[in-house]
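Structure, as structure tokens:
The values are calculated or read from the model by the stated rules, or taken from the named source; none is laboratory data. Owing to the predicted nature of the structure, the values given are computational and were not obtained by experimental measurement. Positions of Cβ are backbone-derived with ideal geometry, glycine not excepted, and every protein chain shown enters the neighbour counts. These area figures cover heavy atoms from the full protein model, side chains too; ligands, DNA and RNA do not enter into them. Shrake-Rupley method; radii C 1.70, N 1.55, O 1.52, S 1.80 Å.
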Amino acid sequence: MSETATEREIMEYDVIIVGAGPAGLACAIRLKQLKPDLMVAVIEKSAEIGAHILSGAVIEPAALDELLPAWRESPPPICIPVERDEIALLTATSKRKLPTPPQQKNHGNFIVSLGALCAWMAPQAEALGVDIFPGYAAAGVHYLQNGAVGGVIIGDMGVDRQGNPKDTYMQGIEIHAPLTVMAEGCRGHLSKQLITKFKLDADSDPQAYGIGIKELWQVAPGKCKPGLVQHSIGWPLDTKTYGGSFIYHMDKDRVAVGFVCALDYSDPEFSPFEAFQQFKHHPSVKPLFEGGEILSGGARTIIEGGAQSLPKVEMPGALLIGDAAGLLNLPKIKGTHQAIRSGMLAASHIAEGSTAEGFDETLRASPIMKELHKVRNIRPGFNKGLWRGLITAAIETVTVGKLPRTLHNHADYSSLTKLQDMEPVDRPWVKRSLAPRDRLASVYFAATDHDEDQLVHLQILEPDVCITRCGEEYGHPCTRFCPANVYEMVTDQMTEEGGSTANQHLQINAANCVHCKTCDIKDPYQIINWVTPEGGSGPNYQNL
Amino acid sequence: MKILVGIKRVVDYNVRIRVRSDGSGIDTDGVKMSINPFDEIALEEALRIREAGLAEEVIVVSLGGNECQQQLRTGLAMGADRAIQIDTDADLQPLTIARAFFKIVEKEQPGLVLMGKQAIDGDNSQTGQMLAALWDRPQATFASGLSLSGNTATVVREVDAGLETIEVDLPAVVSVDLRLNEPRFVKLPDIMKAKRKPLDVISMDDLGVTAENDLKVSHYAPPPKREKGIMVEDAAQLVAELRNRGLV
């Protein structure tokens, strides 16, 4: 938050919701269903609702049935019933079908674009009287004198790269509300601040994350089998790294393909983007995409920590819901139903008591938490590698999580092995022929846009560490883990008397950023701080 | 004086345009739509003229279905006083748009009509000129500077040879270029105020205008894909490759 010389303009609401994803919109809709007179606003940093949303996505419809009982009569624009599930174990050259684990049986579920789903939910919220403001980023928290959360501060617009006001400068306003609902999604930057300030994670494990990279393809006619859901584990990841792929066959020859990989991987040379592209070139996968073209693409981190990493979800004046809290069910690879249900639960909690107090207890006693508790040991089971992970997963599934044990999560940033301790890694990567050529070509499909003349929204807290320690210890992993090529080490040649010296510096191509938050999570020194850029900046995802 | 500003709903400039596979047009499914950027500049200029005390009212006008109300509301949030939607689902070409605008001009009697020099979808650059002809009033196109004094507008135009300054008598049609100004950001409370500003819907039929498309588009096609380049070792190989292809 910057110091301001003049008083900011203030708008007042009963409830302010940060983030127009499935959790935030569900909360807004349910609030107005329960208490039509309540003044509810939703602010969203993307220029249009859904433009920063990226998800698989196969969703369980029960939560939507509860929220909008008539939804099936006018479903979202992309909504294809799942016809068949497939799961396979890949090696570099082969594919072996596996039995579908019960959590991943998708009968009755739907393949959607979560972005399109949110864009479809938003007008329904507006019809109930919710004020939705896309293009406005919550840049700071407004605290009351007693320390409680009292709303949010919208970021200033029209500030140049040095922080000076431009001709178009517009001061952001404050939105005050007795209750603020944080629905920013995975690793929200204000949620992160609040979790630290109120020590909400004092009694929970460190959070665990993954990165998901996704592309939407128009495949050659005849190749798409609408309703087919395909997942894989194994290649191109080694057995120490947790992750897998998804291919969802939609309508109109459109296929969503993506790759998710846990951010606790240990190899600093590893590039999740390259792993995804290699997956697309697997002999069993590549033919699907040959002759097709990419429609859009992008990346987003996923919250994987589950029950043991769930922070306290209430603080004075504010609540955490959805992935901002961390409610995704990883073995199901689904978070949307949890997000919607937590939004609704928060709404009824607010409608009943007009206070944040007690929400943590309510959430922990709810079916949302029961679902997470059942599968709590599956993700950490994979800390010991793929094979032991699969065994743990089988045991935990058979016993429905009733074994009296809880495995623990560790912090992703601490999992990298130093270069000097690395065993040489053999990567039999193939030469790629499918688009995109590289990360820059990929960013083009995210249609990401940031005014170049604005403050860099990726703050490096200790720039010296990048050059000195990080280069030596990890070889600048930021230049590889970022799926959008934001981080680049650049050598400056300086010619002086008596010879030339080469100095390296970190160049931050902030305009490429797709707001996935990987850097904020994975940077081993925790010196990258992702803050929100000017409202309306960022990717313009279409149907992701 | 009233200022009438034409704004068009177009595919956002950041969006990657895709031609539909059957060649019937551009794919707009799930695509972000915005005010044509040149029209946004026209509106900004109108607002500045009003703020300078040289106009009393700024009216934004758009043609299309209900979806274009979104852009009209944005125009109202930027500061326009009221909006008019000419309701039609017809396929629109510049002459039809100019005819419909002319009906509104006759009704509202503006002292100045501002619009973008072209829309970034069709790139026609015709509507303003056609409107001026129908109205039988002066036109000044591609304005990168505009000042009003009494009954004249002084317009700086970007032309091939440099800058050209012309004077036109008002009322007139002025179409604006990129460098005229930088549009403002919309203030959040103004979005709320915009919801309460008047937005009149008039059907194009009621204006007595029908879409007569003299121009038929046979089909759309994307530009041919660029062939992959090759890396050459040295100048000799470069020359040899160029010779092989018959380029030198």
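Restricting attention to region B:148-167, and to residues there that are free of Cβ contacts under 8 Å to residues at least 40 places away in the same chain and over 17 Å from B:LYS117 (Cα atoms), which single residue is most open to solvent (accessible area, probe 1.4 Å)?
The qualifying residue most open to solvent (accessible area, probe 1.4 Å) is B:GLU167.
Looking only at region A:195-217, decide whether some residue is within 14 Å of chain B (Cβ to nearest Cβ) and open to solvent by 30 Å² or more (accessible area, probe 1.4 Å).
Checked against the condition, which is being within 14 Å of chain B (Cβ to nearest Cβ) and open to solvent by 30 Å² or more (accessible area, probe 1.4 Å), region A:195-217 yields no hits at all.
Cβ contacts < 9 Å: first residue among the hydroxyl-bearing types (Ser, Thr, Tyr), restricted to region A:465-477; second residue in a helix (DSSP H, G or I), any location; separation 6+ or different chain. Result?
Filtered contacts from region A:465-477: A:TYR474/A:LEU419.
Return the residues of region A:120-133 that are open to solvent by 10 Å² or more (accessible area, probe 1.4 Å) and assigned to a helix (DSSP H, G or I); say none if nothing qualifies.
Those that are open to solvent by 10 Å² or more (accessible area, probe 1.4 Å) and assigned to a helix (DSSP H, G or I): A:TRP120, A:PRO123, A:GLN124, A:GLU126, A:ALA127.
What residue, among those in region A:49-83 that are open to solvent by 50 Å² or more (accessible area, probe 1.4 Å) and touching a Gly at 6+ places or on another chain (Cβ under 8 Å), is modelled with the lowest pLDDT?
A:PRO77
Answer yes or no: is there a residue in region A:60-81 that is farther than 19 Å from A:PHE259 by Cβ, of a type in the set (Val, Ile, Thr) and in contact with a helix residue (DSSP H, G or I) (Cβ under 9 Å, 6 or more places away or on another chain).
Yes, region A:60-81 contains a residue that is farther than 19 Å from A:PHE259 by Cβ, of a type in the set (Val, Ile, Thr) and in contact with a helix residue (DSSP H, G or I) (Cβ under 9 Å, 6 or more places away or on another chain).
Could you check A:ARG469 against (1) open to solvent by less than 70 Å² (accessible area, probe 1.4 Å); (2) over 20 Å from the mean Cα position of the chain (by Cα) and say which number it fails?
(1)
For A:ILE213, all conditions in the list (1) touching a residue at least 12 places away in the same chain (Cβ under 8 Å); (2) of a type outside the set (Ser, Thr, Tyr); (3) out of contact with any Cys (no Cβ under 7 Å at 6 or more places or on another chain); (4) assigned to a loop (DSSP other than H, G, I, E, B) hold save one; what is the number of the exception?
Result: A:ILE213 fails condition (4) only.
Would you tally the residues in region B:168-209 being among the basic types (Lys, Arg), within 14 Å of chain A (Cβ to nearest Cβ) and surrounded by 14 or more Cβ atoms within 10 Å (Cβ to Cβ)?
Count: 2.
Inside region B:1-41, can you point out the residues that are within 22 Å of B:TYR220 (Cα to Cα), surrounded by 15 or more Cβ atoms within 10 Å (Cβ to Cβ), away from chain A (no Cβ under 12 Å) and not β-branched (Val, Ile, Thr)?
Result: B:LYS8, B:ARG9, B:ASN36.
Quick one: in region B:219-230, which of the residues that are open to solvent by 100 Å² or more (accessible area, probe 1.4 Å) and at pLDDT below 90 is farthest from B:SER21 (Cα to Cα)?
Per the criteria, the residue is B:LYS228.
Answer with yes or no whether B:THR74 is buried (at least 20 other Cβ atoms within 10 Å of the Cβ) and closer than 24 Å to A:ILE49 by Cα.
So B:THR74 fits the description; yes.
Taking only pairs six or more apart or across chains, which ones have beta-carbon atoms under 6 Å, a first residue in region A:199-210 that is free of Cβ contacts under 8 Å to residues at least 24 places away in the same chain, and a second residue that is basic (Lys, Arg)?
none
Given the options B:GLU106, B:GLU44, name the one that is within 13 Å of chain A (Cβ to nearest Cβ), in a helix (DSSP H, G or I) and modelled with pLDDT of 95 or more.
Answer to the check: B:GLU44.
Can you name every one of the helices (runs of 4 or more DSSP H) wholly within region A:305-378 that holds 3 or more residues which are out of contact with any helix residue (DSSP H, G or I) (no Cβ under 6 Å at 6 or more places or on another chain)?
So the answer is A:336-353, A:359-364, A:367-374.
Assuming A:LEU25 fulfils every condition listed in (1) within 14 Å of chain B (Cβ to nearest Cβ); (2) under 22 Å from A:ILE333 (Cα atoms) apart from one, which condition is it?
Against the list (1) within 14 Å of chain B (Cβ to nearest Cβ); (2) under 22 Å from A:ILE333 (Cα atoms), A:LEU25 comes up short only on (1).
Is there a residue in region A:422-434 that is under 30 Å from A:PRO206 (Cα atoms) and either acidic (Asp, Glu) or not in a loop (DSSP other than H, G, I, E, B) (or both)?
yes
Quick check on region A:299-320: of everything there that is more than 16 Å from the chain's Cα centre (by Cα) and charged (D, E, K, R), which residue is nearest to A:SER271 (Cα to Cα)?
Residue satisfying both the conditions and the ranking: A:LYS312.
In region A:165-184, how many are open to solvent by 20 Å² or more (accessible area, probe 1.4 Å) and away from chain B (no Cβ under 14 Å)?
Residues that pass the stated criteria total 2.
Please state which one of B:THR154, B:THR141, B:THR165 is touching a helix residue (DSSP H, G or I) at 6+ places or on another chain (Cβ under 9 Å), of a type in the set (Val, Ile, Thr) and either away from chain A (no Cβ under 14 Å) or in a strand (DSSP E or B) (or both).
B:THR141
Going by the conditions given, is A:LEU89 under 30 Å from A:GLU12 (Cβ atoms), more than 21 Å from the chain's Cα centre (by Cα) and more than 14 Å from chain B (Cβ to nearest Cβ)?
Spelling it out, it is not the case that A:LEU89 is under 30 Å from A:GLU12 (Cβ atoms), more than 21 Å from the chain's Cα centre (by Cα) and more than 14 Å from chain B (Cβ to nearest Cβ).
So which residues in region A:142-158 are in a strand (DSSP E or B), touching a strand residue (DSSP E or B) at 6+ places or on another chain (Cβ under 6 Å) and either facing another protein chain (nearest Cβ under 10 Å) or aliphatic (A, V, I, L, M) (or both), if there are any at all?
Selection gives A:VAL149, A:VAL152, A:ILE153, A:MET157, A:GLY158.
Would you point out the residue of region A:99-119, among those that are open to solvent by 20 Å² or more (accessible area, probe 1.4 Å) and part of a helix (DSSP H, G or I), that is farthest from the other protein chains (Cβ to nearest Cβ)?
A:PRO102
Name the one entry in B:LYS195, B:LYS216 that is in a helix (DSSP H, G or I) and either of a type outside the set (A, V, I, L, M) or more than 30 Å from B:LEU131 (Cβ to Cβ) (or both).
B:LYS195
Among the candidates A:LYS517, A:LYS431, which residue alone is within 14 Å of chain B (Cβ to nearest Cβ) and either open to solvent by 20 Å² or more (accessible area, probe 1.4 Å) or touching a strand residue (DSSP E or B) at 6+ places or on another chain (Cβ under 8 Å) (or both)?
The conditions single out A:LYS431.
List the number of the failed condition for A:SER204; all other conditions in (1) under 30 Å from A:GLU9 (Cβ atoms); (2) in contact with a Leu (Cβ under 8 Å, 6 or more places away or on another chain); (3) in a loop (DSSP other than H, G, I, E, B) hold.
(1)
Hey, could you check region A:51-74 for residues that are free of Cβ contacts under 8 Å to residues at least 40 places away in the same chain and within 26 Å of the chain's Cα centre (by Cα) and say which is farthest from B:VAL15 (Cα to Cα)?
Checked region A:51-74; the qualifying residue farthest from B:VAL15 (Cα to Cα) is A:ASP65.
So which of B:ALA83, B:ALA52 ends up being modelled with pLDDT of 95 or more, open to solvent by 10 Å² or more (accessible area, probe 1.4 Å), among the small types (Gly, Ala, Ser) and over 15 Å from the mean Cα position of the chain (by Cα)?
B:ALA52
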